[in-house]
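Q: This structure is in structure tokens; I'll ask about it shortly.
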Amino acid sequence: MQKQRPIYAIGHRNPDTDSICAAISYAHLKTELGANVVPARAGSINKETAFVLQYFKTEAPLLLADVYPRVADVLTDWELTINERQNLRELAHIMAGQVNAIPVVNDARDLVGMVTVSDVARRYFEDVGMQKFSEFKVSLAEMAHVCDATEVVAGDLNQIVAGEVRIAAGSLQTVQNNVTPGDVVLVGDRTQQIMTACIEGGVICLLVSGNGAVPDEVITAARQHGTVILSAPHDTYTCARLINQCVPVSSIMKRDVISFKPTEMLSDVRGIMEKHKHHYYPVVEHRKLVGMLSGASVLVPEKTKLILVDHNERSQAVEGIEHAQILEIIDHHRLGGIQTNEPIFTRQDPVGCTCTIVADMHLHRQVPIPPQIAGLMLSAILSDTVLFKSPTCTPHDREMAQYLSKIAGVDIQAYGKELLKAGSDISNMTPEEMSKNDMKEFLVGRYRVSVSQCSVWERQQVLDRKDEILEALEKMRIKRGYDLSCIMITDVSEEASALLFTGEPKKLIAEAFNCEPDRNIVLLQGVMSRKKQVIPPLLEAAKILGL
């Protein structure tokens, strides 16, 4: 049976505190309303968010680096296996009327092969005589079991058949010439003389077919020589066929098995499946079987279901978003052009933080907010509004923060300063990390523009590293193919930002902020919000310049 997959609530790439906390909080809301929603993230956790999660003892959301369809998304749970040491008769009972292929495992449950109905059929088509058992370590107990035999003369049934399995046919002289010590001999309605000759010849077992009579003299001879005598209800031909089923599955299985890993993309495995055209392929992780992949499941895979929080632009979404099914969007940014194939639920309010919206939805649906969730949503509001200093902050953000702080049991000003200081400690960040911190991508006119942001308490400590940061920003811009890349160094204490940038067109920066940007840096007093104070002027400048 194919696994039931959850719905993922996920924020944008390079997630900030609002993106992470909104995913966790909205997943909580949906779960309380009966949906199977799991919080996820599309990138690494920054310092500020790590502080929040640790403060409120919350695990980070599941990392989804991309949502391209993978083997794990369509594999079928598969409990049916057989051990390599089990015999062919056990295999027949397991496969009968159920499956046409079965994975073979060893005692450690590692996948060691596959066996199919065609492998079993080939074994019987090619079988024209008695199987040689010495190499397979088959015991008398296994032979007795497959033939439904009972003991007439008891002995050590655990002993391994080192000789051959023979049928007592022909004259006494023929039997005596063919039987060797260590053999197992099938006898039907043979004479006492032939049975005794086999025992005296050193066989370890006589298997009497058809529940044939065993003379007392034969029983006495068997006991004297330590020979086991078994009696089976089947005729000699049937017993011979059944005994041939004692060989282990390992003798007929395919060892060179085509298998896949759960993490492999379906686009990569389709070609292999089309070439070999097997019905099933084992899925293996660390040598252990985790499921099976069928050809039919790969044709039209179920899409990953997503709820987008804190973003609605394709360029900011998790990789592979075009292969996913978007169910909902909860956001507080401009509409960015994501298209869906069917109507979806959206909630977009002009507030300073996505978590303000999520808290509203808890109240509207009368879902109680636990202190832990309240703390996360409060943290997101304080982060996104920079402790209410950002122009994006609305009275409703303030009201909701006050409400959540009472549930979480924290003082807004004291906790807020501690939170912002945790996020503004960039002393250990490399220029490369700074260039991608909380980075978002925008289409400004016909240009791809990235804007990162770092919040600090003392702007000068960052500006002293301006040349290093610009060099890292330029390398990142070229690598990712942006036309223009910017980073906002936002000074929380002074409520101002320094905008560093590389790429072209520089006249876009000059028009947007009425400056001369020759030094690749613009000081912007009173600017703290990327959403309200940087992106809108860039978009307006692109219109004015006809870019």
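The values are calculated or read from the model by the stated rules, or taken from the named source; none is laboratory data. If you're wondering where the values come from, they're calculated on a predicted model, not measured in any experiment. Here the Cβ positions follow ideal geometry from the backbone for every residue, glycine too, while neighbour counts run over all protein chains shown. Heads up: the accessible areas ignore ligands, DNA and RNA and are worked out on the full protein's heavy atoms, side chains in. Shrake-Rupley method; radii C 1.70, N 1.55, O 1.52, S 1.80 Å.
Q: Within segment 1-41, take every residue that is closer than 30 Å to W78 by Cα and of a type in the set (G, A, S) and give me the one that is most open to solvent (accessible area, probe 1.4 Å).
A: G34
Q: Here's a follow-up. Please state which of the following conditions C353 fails to meet, knowing it meets all the rest: (1) without any contact (Cβ under 8 Å) to a residue 60 or more places away in the chain; (2) crowded, with 19+ Cβ neighbours inside 10 Å; (3) under 14 Å from Y26 (Cα atoms); (4) in contact with a helix residue (DSSP H, G or I) (Cβ under 9 Å, 6 or more places away or on another chain).
A: Among (1) without any contact (Cβ under 8 Å) to a residue 60 or more places away in the chain; (2) crowded, with 19+ Cβ neighbours inside 10 Å; (3) under 14 Å from Y26 (Cα atoms); (4) in contact with a helix residue (DSSP H, G or I) (Cβ under 9 Å, 6 or more places away or on another chain), the lone unmet condition for C353 is (1).
Q: I would also like to ask the following. On the given criteria, is V283 of a type in the set (V, I, T), over 18 Å from V184 (Cβ atoms) and touching a residue at least 60 places away in the same chain (Cβ under 8 Å)? Give the derivation first.
A: Numbers: of a type in the set (V, I, T): yes; over 18 Å from V184 (Cβ atoms): yes; touching a residue at least 60 places away in the same chain (Cβ under 8 Å): yes.
Taking the combined requirement at face value, the residue satisfies it.
Q: Related question: Quick one: S315 ticks every box in (1) open to solvent by 10 Å² or more (accessible area, probe 1.4 Å); (2) over 30 Å from L443 (Cα atoms); (3) not in a loop (DSSP other than H, G, I, E, B) bar one, so which box is it?
A: (2)
Q: Anything in segment 318-345 that is open to solvent by less than 10 Å² (accessible area, probe 1.4 Å) and farther than 26 Å from V71 by Cα? List them, or say none.
A: I330, D331
Q: Any chance segment 4-16 includes a residue that's of a type in the set (F, W, Y), modelled with pLDDT of 95 or more and out of contact with any helix residue (DSSP H, G or I) (no Cβ under 7 Å at 6 or more places or on another chain)? Quick ask: steps written out before the conclusion?
A: Filtering segment 4-16 down to residues of a type in the set (F, W, Y) leaves 8.
Now drop any that are not modelled with pLDDT of 95 or more, which leaves 8.
Checking which are out of contact with any helix residue (DSSP H, G or I) (no Cβ under 7 Å at 6 or more places or on another chain) leaves us with 8.
Yes, segment 4-16 has at least one match.
Conditions tested, residue by residue: (1) under 50 Å from the mean Cα position of the chain (by Cα); (2) modelled with pLDDT under 80; (3) in a helix (DSSP H, G or I).
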| residue | (1), (2), (3) |
| --- | --- |
| M130 | yes, yes, no |
| V152 | no, no, no |
| G155 | no, no, no |
| N158 | yes, no, no |
| R166 | no, no, no |
| A169 | no, yes, no |
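A quick yes/no check of all residues on (1) modelled with pLDDT of 95 or more; (2) outside any loop (DSSP other than H, G, I, E, B); (3) open to solvent by 50 Å² or more (accessible area, probe 1.4 Å):
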position: K507; (1), (2), (3): no, yes, yes
position: A510; (1), (2), (3): no, yes, no
position: C515; (1), (2), (3): no, no, no
position: D518; (1), (2), (3): no, no, yes
position: V522; (1), (2), (3): no, yes, no
position: M528; (1), (2), (3): no, no, no
position: I544; (1), (2), (3): no, yes, yes
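Q: What number of residues within segment 356-373 satisfy the criterion of being of a type in the set (S, T, N, Q) and either surrounded by 15 or more Cβ atoms within 10 Å (Cβ to Cβ) or within 27 Å of A414 (Cα to Cα) (or both)? Let's see the steps before the verdict.
A: Filtering segment 356-373 for residues of a type in the set (S, T, N, Q) gives 356, 366, 372.
Applying the additional criterion that residues be either surrounded by 15 or more Cβ atoms within 10 Å (Cβ to Cβ) or within 27 Å of A414 (Cα to Cα) (or both) yields 356, 372.
Going through segment 356-373 one residue at a time, the tally reaches 2.
Q: If you check N87, N106, which single one turns out to be touching a strand residue (DSSP E or B) at 6+ places or on another chain (Cβ under 7 Å), open to solvent by 10 Å² or more (accessible area, probe 1.4 Å) and under 30 Å from D256 (Cα atoms)? Let's see the steps before the verdict.
A: Numbers: N87 fails: open to solvent by 10 Å² or more (accessible area, probe 1.4 Å).
Among N87, N106, only N106 is touching a strand residue (DSSP E or B) at 6+ places or on another chain (Cβ under 7 Å), open to solvent by 10 Å² or more (accessible area, probe 1.4 Å) and under 30 Å from D256 (Cα atoms).
Q: Can you name the number of the only condition in (1) open to solvent by 20 Å² or more (accessible area, probe 1.4 Å); (2) touching a residue at least 60 places away in the same chain (Cβ under 8 Å); (3) within 30 Å of C353 (Cβ to Cβ) that P301 fails?
A: Unmet for P301, out of (1) open to solvent by 20 Å² or more (accessible area, probe 1.4 Å); (2) touching a residue at least 60 places away in the same chain (Cβ under 8 Å); (3) within 30 Å of C353 (Cβ to Cβ): (3).
Q: So, in segment 374-388, exactly how many residues are open to solvent by less than 10 Å² (accessible area, probe 1.4 Å), of a type in the set (S, T, Y) and in a helix (DSSP H, G or I)?
A: Residues of segment 374-388 open to solvent by less than 10 Å² (accessible area, probe 1.4 Å): 374-382, 385.
Restricting the remaining residues to those that are of a type in the set (S, T, Y) gives 379, 385.
Filter again for in a helix (DSSP H, G or I), leaving 379.
Within segment 374-388, residues that are open to solvent by less than 10 Å² (accessible area, probe 1.4 Å), of a type in the set (S, T, Y) and in a helix (DSSP H, G or I) number 1.
Q: While we're here: Considering each residue of segment 427-474, count those that are within 20 Å of I509 (Cβ to Cβ), open to solvent by 60 Å² or more (accessible area, probe 1.4 Å) and of a type in the set (D, E), and give that number.
A: Total meeting the criteria: 2.
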